[in-house]
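Remarks on the structure that follows.
Values in this text are rule-based calculations from the coordinates and carry no lab data. All values derive from a computational prediction rather than experimental measurement. Cβ atoms come from the backbone with ideal geometry, glycine included; neighbour counts cover every protein chain shown.
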Amino acid sequence: MDLEVVGAFSSLIEAQVVCSALRSAGISAQVMDQAFSSILPTYPIGGFRVGAPIGEAARARRILKDLPGQEP
């Protein structure tokens, strides 16, 4: 499955929460940089990226805009 980045977050927890919100909306989202959290003491450059399947990326971005605490 090819993923498109729909957001980047400074903490793994935030990325996981966003990923869960997208999954609950029926989007097969994934935290793309989760493995780095066990290697690096801080977040990877660019943050923890959340990806969605290419065909669902636009819908995922619309959902992200409506989440509390997300920038427009």
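Output wanted: per-residue J couplings in Hz (rounded whole) for the stretch 59-67, from phi through Karplus 6.51 cos²θ - 1.76 cosθ + 1.60, θ = phi - 60°, x for Gly and Pro.
So the Karplus estimates, Gly and Pro as x, are 5, 4, 5, 5, 5, 4, 4, 8, 6 Hz.
Amide H of GLY7: which non-local residues (sequence gap of 5 or more, or other chain) have their own amide H closer than 5 Å, using H built in the peptide plane?
VAL50
With Cβ to Cβ distances under 11 Å as the rule, what net charge do the other residues near LEU3 carry (K, R +1; D, E -1)?
Working: positive: ARG49; negative: ASP2, GLU4, GLU56.
Neighbourhood net charge equals -2.
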